[in-house]
Amino acid sequence: MGSIARRPLMVANWKMHGTFFEAMQWVQALSYQLDPADYDRVDVGVAPSFTSLRSVQTVIQMDDLPIHIVAQNVHWANKGAYTGEVSARMLAKLAVSYVIVGHSERRRDFGEDDRMVNRKARAALSEGVTPIVAVGETLEQREGGRAEQTVGRQVSGSLARMPSDQVGRLVVAYEPVWAIGTGRHARPAVAQEMISYIRSRIRSKHGDAADQVRIIYGGSINPGNVAALMAKRDIDGGLIGGASLDPGTLAACVRYWT
Ligand code: 13P
């Protein structure tokens with residue numbers, strides 16, 4: 001096992017919530033609750049909808065906030081006849097530093113598969129935007145004893161044809177589908193077990209890059225359960241949905257050690 005300290009990453013995924021104006025207010029309210037010392041300990045990101053990215057970027061730049069802008073999706077092509085889509089280059093020009101790819105809601109509702117997720121992740125990397133590659137099993141898959149098999153396949157497919165130095169720089173989000181929006185988070189031991197499995201899987205193909213890749217947990221994180229999850233050795237941060245819509249609750253999750 002390596003001894004590299006990985007910086008924690010806490011990201012608010014606002015999903016399809018908030019107008020551009022509300023998103024600006026949320027970022028400002030979050031910044032009022034965080035101290036400079038908090039940003040020293042943890043990378044903080046917010047993922048608003050596409051329509052809010054520009055406004056959120058303006059607030060962050062004008063107030064000089066050390067908050068990362070995160071997009072919720074990206075297309076794999078850098079331009080072209082893809083009505084309704086947004087390219088990694090467009091995101092990079094808006095100072096977007098991370099993009100979520102393969103969220104289970106997109107896999108479920110928009111037919112995203114590992115091959116598409118892989119293309120999206122590689123497109124993001126080519127523009128200097130760090131992909132947050134989301135994986136996770138359904139309840140049926142877990143109850144059928146196929147959690148590791150499912151997640152292992154998602155990891156291999158989503159990270160295919162990526163050099164190890166790129167893999168070391170990206171983020172994987174383990175989000176069990178049964179824990180998303182249900183109020184039923186994975187027990188810390190379960191999240192640790194799965195995330196450690198993901199890391200070992202990455203190690204078998206990419207060696208020491210497995211010590212650098214940040215693997216975060218998502219699924220019903222709240223201020224009451226975040227500390228126990230973050231205390232686990234392989235869990236490097238969180239992807240927070242519902243609890244991130246209230247800036248005070250989000251700040252409490254970001255400052256999980258207090
Ligand atoms: P909840 O925190 O609402 O369960 O959502 C998790 C999630 O999907 C973050 O991407």
**Item:** Proximal charge balance of Met90 [Cβ under 13 Å; K/R count +1, D/E count -1]
**Value:** +2
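Just want to confirm a number: the relative contact order over the chain, from Cα pairs under 8 angstrom separated by 6+ residues, in percent. It would help to have the intermediate numbers written out before the result.
Numbers: 496 pairs, mean separation 53.0, N = 258.
Computed value for the chain: 21 percent relative contact order.
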**Message:** Can you tell me the length gained on complete extension of the stretch Arg41 to Asp246, counting 0.36 nm per residue apart and subtracting the Cα distance?
**Reply:** 71.6 nm
**Fill in**
A chain fully extended from Phe50 to Ser97 at 0.36 nm per residue, minus the present Cα-Cα distance, gains in nm 15.5 nm
**Fill in**
In the stretch 83-178, the GluC sites (Glu not before Pro) that sit in a DSSP loop and have at most 11 other Cβ atoms within 10 Å of their own Cβ are none
**Request:** Would you work out if the chain is rounded, prolate or oblate? Take a ≥ b ≥ c from the square roots of the eigenvalues of the alpha-carbon gyration tensor; rounded if a/c is under 1.5, else prolate when a/b is larger than b/c, oblate otherwise.
**Result:** rounded
**Request:** Estimate the FRET efficiency between Arg153 and Val190 by the formula 1/(1 + (r/R0)^6), using the beta-carbon distance for r and 22 Å for R0, to the nearest 0.05.
**Result:** 0.70
**Asked** So for the chain, taking the charge dipole from beta-carbon charges (+1 Lys/Arg, -1 Asp/Glu), which of Ala179, Val133, Ile216 sits furthest toward the positive end?
**Response** Val133
**Item:** Unsatisfied cross-links (Cα-Cα over 26 Å) in the set Lys205/Lys232; Lys93/Lys232; Lys93/Lys205; Lys93/Lys120
**Value:** Lys93/Lys232; Lys93/Lys205
**Message:** Starting from the 7 Å offset along Cα-to-Cβ, what nm value, one decimal, do you get for the label separation of Glu85 and Ala160?
**Reply:** 1.7
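None of the figures in this text is laboratory data; all of them are computed from the coordinates on show. These figures come from a predicted structure and were not determined experimentally. Cβ coordinates were reconstructed from backbone atoms using ideal geometry, including for glycine residues, and neighbour counts include every protein chain displayed.
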